[in-house]
Amino acid sequence: MASKLHPCRKLLTAASSPVTGNIEYGFRNRRCLLHNGPDTIEELLDRHAVKSVKGDEDDDPLAARRRLTSHRREALSLYRDILRATRFFAWPDNRGVLWRDVLRQNARKEFEEARFETDPQVITKLLIGGRDAVQAAVDKLVEKSREMVEKANKDQSRNW
C-alpha cells in the first residue's frame with residue numbers, strides 16, 4: 001500500500017515530526033502537496049460524522065445474514081457446551097433414567113422450540129439465559145462434588 005502512495009505523500013510522511021506528528025514540521029517543498037481534504041466545516045463534518053442509522057435494518061440483507069450467522073454460531077456453541085456439561089451427570093433419577101439423558105432431551109426440546117425465532121433481542125436473551133443455566137448447573141455440580149469429597153475424607157479420617 002505504501003508503494004502506491006503519491007511521491008509527495010511519501011515525502012509528507014517522511015517529513016512529519018516523529019514527536020508530534022505535525023505534517024508541516026520540516027516540510028520545505030510545499031508545491032507537491034495537493035489539497036484533497038474538505039474545504040468547509042460542513043464537508044468535514046459530513047465526511048467524518050456518524051451517519052444516522054436507518055430505522056429498519058432489515059433492508060440490508062448482508063447485515064441480517066451476518067447477525068443470523070452469529071446467532072447460529074452462538075447457539076451451536078451453547079448446545080455443544082450443554083452436551084459436554086451433561087457428561088458429568090451420570091446418576092439415575094427416580095425413574096431410573098440417567099440425568100444426562102434427561103438434560104439432553106430437555107435441551108434439545110428447548111432448542112427446537114426456539115429454532116425459528118427471528119427477533120435478535122429474544123435470541124440474545126435465550127442465549128444468555130442458556131449460558132447462565134449451564135454455568136449454574138456446572139457450578140452446583142462442582143460444589144456438591146466438593147462437599148461429597150470432603151464428607152468422604154472426614155469419614156475416612158474418623159475410621160483411621
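Here, each number is a calculation from the coordinates, and none is a lab measurement. In this text the structure is predicted, and so the values were computed from the model without any measurement. For neighbour counting, all protein chains shown are included, and Cβ atoms are generated from backbone atoms with ideal geometry for every residue, glycine included.
Observations, loosely collected:
- Within the stretch 119-143, the residues that satisfy the criterion of being under 19 Å from Arg73 (Cα atoms) and touching a residue at least 12 places away in the same chain (Cβ under 8 Å) are Pro120, Ile123, Thr124, Leu126, Leu127, Gly130, Arg131, Val134.
- Members of the stretch 103-117 that are exposed (fewer than 11 other Cβ atoms within 10 Å of the Cβ) and either under 14 Å from Arg72 (Cβ atoms) or touching a strand residue (DSSP E or B) at 6+ places or on another chain (Cβ under 6 Å) (or both): Arg115, Phe116
- Test: residue in the stretch 89-102 that is surrounded by 10 or more Cβ atoms within 10 Å (Cβ to Cβ), more than 31 Å from the chain's Cα centre (by Cα) and acidic (Asp, Glu): yes
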